[in-house]
Amino acid sequence: MERPHEIDRYIELASPFHSFDPRAKIVSFLFLILSIVLLRDLKLCFVGFFIALLFLFFSKVPLRFFISYMRWIFPFVSLFVVIMPFTVEGKEIFSLYNLKFTYEGLKYGTIIALRATSAAILVFVVVSTTRFADIMKALYELKVPNLLIQMLMFSHRYVFVLQEEAQKMLIAMRSRGFDIGTNLYSLRNLGRAIGMLFIRSYERADRVYHAMRARGYGGKPEVLTEFTMRAKDWALSLFIFTISISLHTLVVP
């Protein structure tokens, strides 16, 4: 099972994005993502997608590692390309069982798929080149609401713990002859298991809360790393902002 730190597996690589100040990285990449998702021209969407791939290439994160995390996104976004041509009115390309496959639907579906995939790639570049703790501290220094930051921190940490608990419970049930099915007996036992999981989650959360309070936790992310904006951070931020603005000023024939 994948552990929560595995997304940070390649943070020790040497690339422009690994040494990029986390605060500037988050702001500049967010601006670029917003710029791409607001594009309406198909050719410019391809340009934005190509830019996202270039950023992935320069991050030096292995392609296999990228695919292992993104393999569930590609089938989802491809649904837009498959469904929208049959649901959007426009110039007919062909028909299938009285369903019209239109050029406009194919165009809009491709635009949505390209924008979503580009955004996902850029988010992956950020989280795979930055320690999660540094991301949380950067969000704190960027004045993101502290409650939201703590929710992200605990969700990231304990969703894997709950997954392990659920797997242990399922293994224990199977060792006693339980087999998942659609009958009333199986549903009743699964309901009991889910209820027990919620109880264990509540008890664990209570223990963690008191343990953290006993250690003086005050809600502020504590990271030993100190952020300092250097000249290359300003230059890279300016470069990304320039690309983001240029996407909306380019005239593509």
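The values are calculated or read from the model by the stated rules, or taken from the named source; none is laboratory data. Computed from a predicted model, the values in this text were never measured in an experiment. Note: ideal-geometry Cβ built from the backbone for every residue, glycine included; neighbour counts use all protein chains shown. Surface areas here come from the heavy atoms of the whole protein model, side chains and all, with no ligands, DNA or RNA. Shrake-Rupley method; radii C 1.70, N 1.55, O 1.52, S 1.80 Å.
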Selection from the stretch 212-253 of residues at pLDDT 90 or above, loosely packed, with under 11 Cβ neighbours inside 10 Å and over 20 Å from residue 51 (Cα atoms) yields 231
Any chance the stretch 204-211 includes a residue that's at pLDDT 75 or above, farther than 30 Å from residue 137 by Cα and loosely packed, with under 11 Cβ neighbours inside 10 Å? no
Residues of the stretch 28-53 being charged (D, E, K, R) and either assigned to a helix (DSSP H, G or I) or free of Cβ contacts under 8 Å to residues at least 60 places away in the same chain (or both), which ones? 43
Hey, any hits in the stretch 115-124 for a residue that's open to solvent by 50 Å² or more (accessible area, probe 1.4 Å), assigned to a helix (DSSP H, G or I) and of a type outside the set (D, E, K, R)? yes
So how many residues does the stretch 125-141 have that are closer than 22 Å to residue 241 by Cα and not in a helix (DSSP H, G or I)? 2
Among the residues of the stretch 181-203, the number that are open to solvent by 40 Å² or more (accessible area, probe 1.4 Å), under 14 Å from residue 158 (Cα atoms) and hydroxyl-bearing (Ser, Thr, Tyr) is 1
Cβ pairs under 6 Å, 6+ apart, first in the stretch 119-136 and under 16 Å from residue 13 (Cβ atoms), second crowded, with 20+ Cβ neighbours inside 10 Å and polar (S, T, N, Q): 125/59; 129/59
Given the residues 28, 15, 78, which is the only one that is of a type outside the set (Phe, Trp, Tyr) and within 15 Å of residue 123 (Cα to Cα)? 28
For the stretch 54-70, check the following and say yes or no: at least one residue is closer than 30 Å to residue 167 by Cβ, modelled with pLDDT of 80 or more and in a loop (DSSP other than H, G, I, E, B). yes
Scan the stretch 43-97 residue by residue and report those that are among the β-branched types (Val, Ile, Thr) and open to solvent by less than 60 Å² (accessible area, probe 1.4 Å). 47, 51, 61, 73, 77, 81, 88
Residue by residue through the stretch 142-172, note down the ones that are outside any helix (DSSP H, G or I), touching a residue at least 24 places away in the same chain (Cβ under 8 Å) and not hydrophobic (A, V, I, L, M, F, W, C). none
Which one of these does residue 112 not meet: (1) outside any loop (DSSP other than H, G, I, E, B); (2) within 17 Å of residue 27 (Cα to Cα); (3) of a type in the set (Val, Ile, Thr)? (2)
Taking residue 74 as the residue in question, decide whether it is hydrophobic (A, V, I, L, M, F, W, C) and modelled with pLDDT of 90 or more. no
Hits in the stretch 174-190 - residues which are outside any loop (DSSP other than H, G, I, E, B) and either of a type in the set (Val, Ile, Thr) or within 18 Å of residue 201 (Cβ to Cβ) (or both): 190
